[in-house]
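Notes to accompany the following structure.
The values are calculated or read from the model by the stated rules, or taken from the named source; none is laboratory data. This structure is a prediction, so every number in the text was calculated from the model and none was measured. Accessible surface is based on the protein model in full, side chains and every heavy atom, while ligands, DNA and RNA are left aside. Shrake-Rupley method; radii C 1.70, N 1.55, O 1.52, S 1.80 Å.
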Amino acid sequence: MNPELASQPAGHRAKSPAVAALLSLMLPGLGQIHCRQDNKGVFLLGMALLGHWSTGGLSSLFLCPAMAADAFMIARKLNSGTPAARWEFFPAIKRLNAIPPRIILITIVLAIAALTVLHIVRFASD
């Protein structure tokens, strides 16, 4: 079996898409960890904490709902019996799924950096 794929091992309970989405809505990355996308989940968790701190919570408005949708889709894919790659994003959206994961990761980092600059400029102007 390919170690890059997260799947439902035999005898394990199905992952609830609603629980995965709720976990990632509370803190991005938790739903992905729940769905055995550990590396992706830890990265998103770190980016969420850093982004929330550096942007004054602005990044959470975008990251939490997006990662909740991603965790929901990953859990549904796993429950259908189809394995998910460890760094796979948004499996139900074909156009986004065609984008290499590293591009999505870089986009997340750049978006948080841009929001940080926006927050700093806004703070400096007050």
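Mind checking which of 55, 116, 107 has the largest fluctuation in a GNM of the chain, springs on alpha carbons under 10 Å? Fluctuation is largest for 107. When the solvent-accessible area of the range 17-125 is split by element, carbon and sulfur atoms take up 75 percent of it, the probe being 1.4 Å.
Scale the Cα Rg of the chain by the rule-of-thumb value 2.2 N^0.38 Å and send over the ratio, two decimals. Normalised Cα radius of gyration, the chain: 1.11.
Ordered from largest to smallest accessible area (heavy atoms of protein chains, 1.4 Å probe), the residues 120, 74, 103 come out as 120, 103, 74.
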